[in-house]
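Some notes on the structure that comes next.
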Amino acid sequence: MDLQSRYQDFQERSTEILALAVQDVANAQRMLQVANVSFPILADPDHAVADAYGVYNLLGDGIATPSVFIIDKSGHLVWSYVGRSAGDRPSVETILGNLPPL
C-alpha cells in the first residue's frame, strides 16, 4: 500500500492521513524521514492510541497491527480494517472507496 503516491487523492477528498508509530517521538521522526512521506506520523510510545483501537500486539509481535480507521469530521468511526498478518493491508483504492462523500 503506497499511501504517499496517492496522498494527493486523499487531499482532494478533504481527507488527512495520520500514521501511528508505537515508538517515541525521536524514532517516529526517523521513521518519517526513512519512509519519505509528507503525512504526519503520530508517536505512541505508551501504546495508548493503539490499545484504545485494539490493535497493539494483536499479532503477538509487540507492534501495532496494520490497520486503517476512517473517522469523519464529527469524530465518528465510519470504516475500519484491521489486518490479520503483518502484510495484511487494504488497497489504497479500497480505502478511498470507503471515505465519506464530500
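General observations
- Ordered by the number of other Cβ atoms lying within 10 Å of each residue's own Cβ, fewest first, 55, 34, 92 fall into the sequence 34, 92, 55.
- Amide hydrogen neighbours beyond the local backbone of residue 20, cut-off 5 Å, H modeled: 42
- Magnitude of the charge dipole, the chain, Cβ model with Lys/Arg +1 and Asp/Glu -1, debye to 20: 120
- Against the chain, whose longest principal axis comes from its Cα atoms, helix 25-35 is set at around 60 degrees.
- Long-range amide H partners of residue 58 with built H, under 5 Å: 65
- Relative contact order %, segment 4-97, counting alpha carbon pairs below 8 Å whose residues are six or more apart: 19
- Fluctuation leader among 35, 43, 21 - the chain, Gaussian network, Cα springs under 10 angstrom: 35
- Summing charges over all other residues whose Cβ lies under 11 Å from the Cβ of residue 67, with Lys and Arg as +1 and Asp and Glu as -1, gives +1.
Where a number appears in this text, it was derived from the coordinates with a stated rule and is not lab data. Just so it is clear, the model here is predicted, and its values are computed rather than measured. Please note: Cβ atoms are built from the backbone with ideal geometry, for glycine as well, and neighbour counts cover all protein chains shown.
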